[in-house]
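Just below is one structure, and these are the notes that go with it.
The values are calculated or read from the model by the stated rules, or taken from the named source; none is laboratory data. The structure displayed is predicted, hence computed values, not measured ones. Cβ sites come from the backbone with ideal geometry, for glycine too, and all protein chains shown count toward neighbours. Ligands, DNA and RNA are stripped out before the accessible areas are found, and what is left, the full protein with its side chains, is counted by its heavy atoms. Shrake-Rupley method; radii C 1.70, N 1.55, O 1.52, S 1.80 Å.
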Amino acid sequence: MVTTATTLSPHQLLDQVMDPELPFLSIADLGILRGVETVGTRVRVTITPTYSGCPAMDAIRKDIESMLDSHGYQPEVVLNRAPAWTTDDLSPRARDLLQQHGFAPPQADHSVGCPRCADGPARVVSRFGSTACKALMVCGSCGEPFDLFKELR
Amino acid sequence: MNVLGFADDNLILAQRLSEWVAAAPDLELDIAVANMALDHLGVARALLTHFGDLEGKGRTEDDLAMFRSERELTNLLICEQPNGDFGQTIARQLLFDSYQVGLWEKLAGSPDEILAAVASKALLEARYHWQHSATWTERLGRGTEESNRRMQSGLVALARYVDEMFDEHQDLRRGFDERLTPVLDESRLVLPKDPSPRRGGRRGMHTEHLGHLLAEMQSLARAYPGVQW
């Protein structure tokens, strides 16, 4: 069979698809990439939403399609809601990356430490932040505001 | 299971909540209300699509959201009630969240796999919304005389729409009371028993407020059918 696909596998390509709101996190690290089935150049990618109304899902779907399409694959993106995504689906690497980028990884509100001074405790300014997955906190020690990746489980 | 009714509840409440955007008491609340509206809209979209598939007449989520009239909408009356002041909005949210947490817990075990999947996702969101509503109830209830009075007036205004939530699900009433009562007690507030509960939303018999809401929500889609932007 003649294939026009490049030598990069769908998995390798999908590792380069990032969350549009947190562009340092791949969809695999975020835990929303649920499955990849490849038959020849046809690739069926299953993703799950973080939040029911997450407006990034459409952008993510398009990013997956264009990434695979531009490397000679024929993608099909399927949305699967069960089982529901929780923050337990974040990879350990995702938690490290969040910390490195100034976000507090998911944890119970009362124990949140400031990602900048690593001191605490922080208090909740708002349970809802700039995107569906974040809450707004302020450090009780250094006074810096920061985003907490909301715990959802 | 009444997939369309659950979809309509979330659609109409999303629209109501979004009316607060850029008008809430502070920026954080603007953002909070937009986030909650978005969660409800996401649930509504998934359930409208699912209903369209079950119905098998080829109606899409947009057809169902934008091209049904007042008598065809089947949301609970509490969802369409005007926002009132912030105290009344928090009262409505606390009542509805307390109901919806129990509803999603139940529907997460539904034999309808798609409904169960939507419910299990929505459950996590509803619990989070409930915490927000409970925190604000406590803040308003125990804040000043004025904030307590306003939140209490909100509960009085909405009490008549509470019983309707349980017409199809009597078994959810107990869990609702268990979630609600401690928060109200803590906050020095009471949900009065209304002597003449209103019902009819599920049959398309609405209060006068729904028509106005739909006029705004549907005007663009009806003026320019199929429009994209």
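With every protein chain left in place, what is the accessible area per residue of the stretch B:1-137 in square angstrom, probe 1.4 Å?
Spelled out: the 1.4 Å probe surface of the stretch B:1-137, per residue, equals 33 Å².
When chain B is modelled as a GNM with alpha-carbon springs shorter than 10 Å, which of B:211, B:87, B:154 fluctuates the most?
B:211
Could you calculate the contour length gain from residue B:57 to residue B:139, that is, 0.36 nm times the residue separation minus the distance between their Cα atoms, to one decimal place in nm?
24.7 nm
Using only atoms on other chains, find how many Cβ atoms lie within 10 Å of each Cβ of peptide B:113-120 and report the average.
Neighbouring Cβ atoms belonging to other protein chains average 3 per residue here.
Any lysines with Cα under 29 Å of the residue B:193 Cα? List them, leaving off those in the same chain fewer than 8 positions away.
Qualifying lysines at Cα under 29 Å: B:106.
So how far apart, in nm, are the two label points at residue B:203 and residue A:123 if each is 7 Å from Cα heading toward Cβ?
Each label point is offset 7 Å from its Cα along the Cβ direction, giving 5.1 nm.
For chain A, with a Gaussian network of springs between Cα atoms less than 10 Å apart, report the residue from A:31, A:113, A:72 with the top mean-square fluctuation.
Result for chain A, Cα springs under 10 Å: A:72 fluctuates most.
Nothing charged except the Cβ atoms of Lys and Arg (+1) and of Asp and Glu (-1): what's the magnitude of the dipole of the protein assembly as shown about its Cα centre? Round to the nearest 20 debye.
Dipole magnitude for the protein assembly as shown comes out near 360 debye.
Could you give the distance between the Cα centres of the stretch A:69-126 and the stretch B:208-229, to the whole Å?
36
Compute the signed sum of charges (Lys and Arg +1, Asp and Glu -1) over the other residues within less than 12 Å, Cβ to Cβ, of residue A:114. Before the final figure, lay out the partial values.
Working: positive: A:116, A:123; negative: A:119, A:144, A:147.
Local charge sum for residue A:114: -1.
With every protein chain left in place, what is the accessible area of residue B:4 in Å² (1.4 Å probe, nearest 10)?
20
Report ³J(HN,Hα) in whole Hz for each residue of the stretch B:92-107, in order, from the Karplus equation J = 6.51 cos²θ - 1.76 cosθ + 1.60 where θ = phi - 60°; Gly and Pro get x.
4, 5, 4, 5, 6, 5, 4, 6, 6, 4, x, 4, 5, 4, 6, 6
Between chains B and A, what is the buried accessible area summed over both chains (1.4 Å probe, protein heavy atoms, nearest 100 Å²)?
Working: alone 11140 and 8220 Å², together 17470 Å².
The summed interface area works out to 1900 Å².
Using 7 Å Cα-to-Cβ label points, what is the residue A:142/residue A:80 separation (nm, one decimal)?
Result: 4.1 nm between the two label points.
Please report, as a whole percent, how much of the solvent-accessible surface of chain B comes from carbon and sulfur atoms (probe radius 1.4 Å).
53
Might you list the cysteines of chain A that have no disulfide-compatible partner by the rule of another cysteine's Cβ under 4.7 Å?
Singleton cysteines: A:54, A:133.
Long-range amide H contacts for residue A:125: which residues qualify at under 5 Å (H placed 1.01 Å from N, peptide plane, sequence gap of 5 or more or a different chain)?
Under 5 Å from the amide H of residue A:125: A:136, A:137, A:138.
Residues of the stretch B:1-47 that become at least 30 Å² less accessible with every protein chain present than in their own chain isolated, using 1.4 Å: which are they?
B:28, B:31, B:35, B:38, B:39, B:42
Given a 1.4 Å probe, how much area per residue of chain A is accessible, in Å²?
Per residue, chain A has 48 Å² of solvent-accessible surface.
Residue B:169 versus residue B:113, label points 7 Å from Cα toward the beta carbon: distance in nm?
For the pair residue B:169/residue B:113, the computed spacing is 2.3 nm.
Using 1/(1 + (r/R0)^6) with R0 = 25 angstrom and r between the beta carbons of residue A:12 and residue A:107, what's the FRET efficiency to the nearest 0.05?
After rounding, the FRET efficiency stands at 0.20.
Heavy atoms only, probe 1.4 Å: what % of the accessible area of the stretch A:1-131 goes to carbon and sulfur, would you let me know?
Accessible surface attributable to carbon and sulfur in the stretch A:1-131 totals 51 percent.
Between B:191, B:82, B:3, whose Cα lies farthest towards the positive end of the dipole of chain B when Lys and Arg beta carbons carry +1 and Asp and Glu beta carbons carry -1, centred on the Cα centre?
Going by the charge dipole, the pick is B:191.
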